[in-house]
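*Asks:* Structure provided below as structure tokens; questions to follow.
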2 protein chains.
Amino acid sequence: MATKSRENPAPVEVDSATRERILLEAARLFRHHGYAATTLREVADASGIKAGSIYYHFESKDQILGEVLDKGIQVVSAAVQQRVEALPAEATARQRLAAAIEGHLWGMLHHGDFTSANIRIYGQIPAAAKNRHRKIRREYADYWDSLLEDALQRGELRADTSTAMIRLFVIGALNWTVEWYNPQKGSFQDFVKQITAIVFDGTFVGEPA
Amino acid sequence: MATKSRENPAPVEVDSATRERILLEAARLFRHHGYAATTLREVADASGIKAGSIYYHFESKDQILGEVLDKGIQVVSAAVQQRVEALPAEATARQRLAAAIEGHLWGMLHHGDFTSANIRIYGQIPAAAKNRHRKIRREYADYWDSLLEDALQRGELRADTSTAMIRLFVIGALNWTVEWYNPQKGSFQDFVKQITAIVFDGTFVGEPA
DNA sequence: GTCTATATGAAGATAGAC
DNA sequence: GTCTATCTTCATATAGAC
């Protein structure tokens, strides 16, 4: 006996302001104190509510962890794909990888609490949480591998190292910049330009000895 | 009224086997679960003793943390300095930096629990523990800066990026290899050669576009 | 939707026997 | 040097009022 006649009932509000606030504060606290050391009381305090109220929005601390981890990859992945797909079809491998690097850095630095939390705590969380998060990580790695394979086939990428190892090295190096990047020491544009130059052409000048 | 006549009394045993075992197991657990999530009961279990016995060797969990952190830097720093100082005076900047990179990677991968624990948890520990550990980190960074400044003055290092930024990028990239290096996929020598080539000359071939 | 109050478990650290 | 037993504190999660 539904008395409602609306065709478009309001969807379950999965991203109310309070819910988003909890996720953001949780990411910030996970980043700076770790997952286990962060208490739901702290998350609640930072979010302007009481601890018990968190359970209206989330089933458990574990569920909050999962959403924080996933978002840490999603924001970066979305920025990368958007930039790469905006390029013309005739773009060179250098241009495509430069777009990916810019997107990765931009996504990381604009959602630093989610990405840094992800990077810092991924190695420390329970195996079950890791397993649930693994797929989304794998997909992002695959996207990079496809970019690198393409660059290799065009003869632009160095061929003495596997693309998997290049991906691990480059993403690892990029990821760590979120730990030390200081926006007060220069513009984001300059930062991207310098990081990209080092990744592409290295730290030394001249020919290999 | 000392009745001992020995000139060389046994020193306080600061590195008994049990004490070293506790440090090693603590490093391993800090690495994989984080500092807060690791309980002294787990450390004791892994060390083959009971939780209360830890307090015979250490004053607190905090003291164990401090020693684990310091050792994570010391083992790497010692390996780097040893290799650089073994070079002849006429070594090029490339040779000196290559020795530093090899030492850094060797130290990291041969003491992985200490270095990975350091890298993973440094951003998450209480401020007091960070402050106590800061000096030893600063000294290692200074050593790298001196190597890079030397390379810059000889005109071998790229000049469009500050040595501080190059250091942060390179050490960050090297540090993260401990998270993914797989000794079953090739020899350590080959690994070092490939990483060094990327750091020196980049991931792309040919001239910058 | 948010609150207060609380059940239940486990942490770091200490005391004192052996 | 290591043990057992315990003090004290604080965590996640739940129940039910508002």
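The values are calculated or read from the model by the stated rules, or taken from the named source; none is laboratory data. Please read these numbers as outputs of a predicted model, since none were measured by experiment. Because the Cβ atoms are built from the backbone with ideal geometry, glycine has one as well, and the counts that use them run over all protein chains shown. To get the accessible areas, we keep the full protein, side chains included, count just its heavy atoms, and leave off ligands, DNA and RNA. Shrake-Rupley method; radii C 1.70, N 1.55, O 1.52, S 1.80 Å.
*Asks:* Please return the longest range in chain A lying between exposed loop sites, taking trypsin sites (Lys or Arg not before Pro), DSSP loop only, at most 16 other beta-carbon atoms within 10 Å, and leaving the sites out.
*Replies:* Answer from the scan: A:51-153.
*Asks:* Report, in order of residue number, the helices in chain B meeting two criteria: a C-alpha extent of 27 Å or more along the helix axis, and a mean Kyte-Doolittle hydropathy of at least -1.0; treat each whole DSSP H run as one helix.
*Replies:* B:61-85
*Asks:* Over 5 Å intervals from 0, what percent of Cα-Cα pairs in region B:62-201 sits in each interval?
*Replies:* Values per bin, smallest distances first: 2, 9, 19, 22, 20, 14, 9, 4, 1, 0.
*Asks:* Another one. Quick one: accessible area per residue over chain B, 1.4 Å probe, rounded to a whole number of Å²?
*Replies:* Roughly 51 Å² per residue, with all protein chains present.
*Asks:* Looking only at other chains, what is the average number of their beta-carbon atoms within 10 angstrom of each beta-carbon in B:87-100?
*Replies:* Details: counts 0, 0, 0, 0, 0, 1, 2, 4, 1, 0, 2, 1, 0, 0.
Taking all residues of B:87-100 together, the mean is 1.
*Asks:* With viscosity set to 1.567 mPa s at 4 °C, what whole-number translational diffusion coefficient in µm²/s follows for the protein assembly as shown from Stokes-Einstein and a Kirkwood radius over Cα pairs?
*Replies:* 55
*Asks:* Work out the mean other chain Cβ neighbour count within 10 Å for the residues of B:172-183 and drop it here as an integer.
*Replies:* Other-chain Cβ atoms within 10 Å of each residue's Cβ, averaged: 5.
*Asks:* Take peptide B:157-167, look around each residue's Cβ out to 10 angstrom, count Cβ atoms belonging to other protein chains, and average those counts.
*Replies:* Mean shielding count: 4.
*Asks:* Could you run the numbers on buried accessible area between A and B, total for both chains, 1.4 angstrom probe, in Å² to the nearest 100?
*Replies:* The buried area between A and B, both sides summed, comes to about 4400 Å².
*Asks:* Another question, then. Longest exposed-loop-site-free stretch of chain B, with GluC sites (Glu not before Pro), DSSP loop and at most 14 other Cβ within 10 Å?
*Replies:* Answer - B:91-209.
*Asks:* Can you classify region A:159-209 as rounded, prolate or oblate using the Cα gyration tensor, where a ≥ b ≥ c are the square roots of its eigenvalues, rounded means a/c under 1.5, and otherwise it's prolate if a/b beats b/c and oblate if not?
*Replies:* Oblate shape, in that a/c is at least 1.5 and b/c is the bigger or equal ratio.
*Asks:* Going down the table (B:LYS135/B:LYS185; A:LYS130/B:LYS61; B:LYS61/B:LYS135), which pairs top 29 Å between alpha carbons?
*Replies:* B:LYS135/B:LYS185
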